[in-house]
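The values are calculated or read from the model by the stated rules, or taken from the named source; none is laboratory data. Keep in mind it's a predicted model, so treat the numbers as computed, not measured. Glycine gets a Cβ as well: all are built from the backbone with ideal geometry, and neighbour counts include every protein chain shown. Accessible surface areas use protein heavy atoms only, side chains included; no ligands, DNA or RNA. Shrake-Rupley method; radii C 1.70, N 1.55, O 1.52, S 1.80 Å.
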Amino acid sequence: MGLRRSSCSFSCLILLLVVAVCFSGSAKAYKNYTVGDSLGWFDKLEKPSVNYQKWVSGKQFSLGDFLIFNTDNNHSVIQTYNFTTYKQCDYDDAQDSDTTQWSASDPSATEPHPVTVAVPLVKEGMTYFFSSDYDGEQCKNGQQFKINVSYGQGLPKNLKEYTPPSPQQDSSPPSPSPSSPISGDEDAAPDTIVPSNFNNPRQEDKGDDEKAEKSSASGSVFSRKICNFLGNYSLVFLASVLLFDLMS
């Protein structure tokens, strides 16, 4: 009987540890990430030291977080869920259902001026960013990166039901940005406007790289479902095990 009680107690401890790991990140605040940190959002021809995929490394992006792009009116900010669009650095042939131009360059401008664009992360899974100006030359010269967005806390209410903003150009005011846009700043997500179709982008199967990325995103969804299941049934299971333990 002593051995049985020890086994039951050990099972309870293991289950509690699993549940704790699953929900350990639930209290984290939404974050604002400044893309490229002090280097901003530019291509290697303008700033040779930029490496956006290296900047992404080690960061955990979640729904409701913001990416802050500090750039100028000679560069654009394109967000897409389409791997082919990203790989080809091509916005002109992109689909409205899966690609958004958050900021457009202004060819008529006589000189560059600063532009700041705040982009909310509103869909779980792989998301791609690039600048498509000069027939994709900026993108091909390092102005691109990809991230995997996890569920985190889920979307806040102010990011669920809005319409797309018009692309920001020279005559447009800066897009709304979170307060204190410092990389990793843990502020609440601000009010903004986002494309309503972000929750239902067009999905395509485009090669081994994209399949691997989709598999990674699917794994994240599966893990979250397991955690939700454990959260819903852990108390019932624990009560049953403890009752059995006492009656033995």
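To the nearest 10, the accessible area of VAL115 is 10 Å² with a 1.4 Å probe. Ligands, DNA and RNA excluded, the heavy atoms of HIS113 present near 60 Å² of accessible surface to a 1.4 Å solvent probe. Against the criterion of solvent-accessible heavy-atom surface with a 1.4 angstrom probe, TYR134, TYR52 sort, most first, into TYR134, TYR52.
Remark on LEU67: its backbone amide H falls under 5 Å from those of TYR33, VAL119, LEU121, a criterion applied only to residues 5 or more positions apart or on other chains, H modelled at 1.01 Å from N.
What trypsin sites (Lys or Arg not before Pro) does region 100-166 have in DSSP loop regions with at most 13 other beta carbons within 10 Å?
Within region 100-166, the qualifying trypsin sites (Lys or Arg not before Pro) (loop, at most 13 other Cβ atoms within 10 Å) are LYS160.
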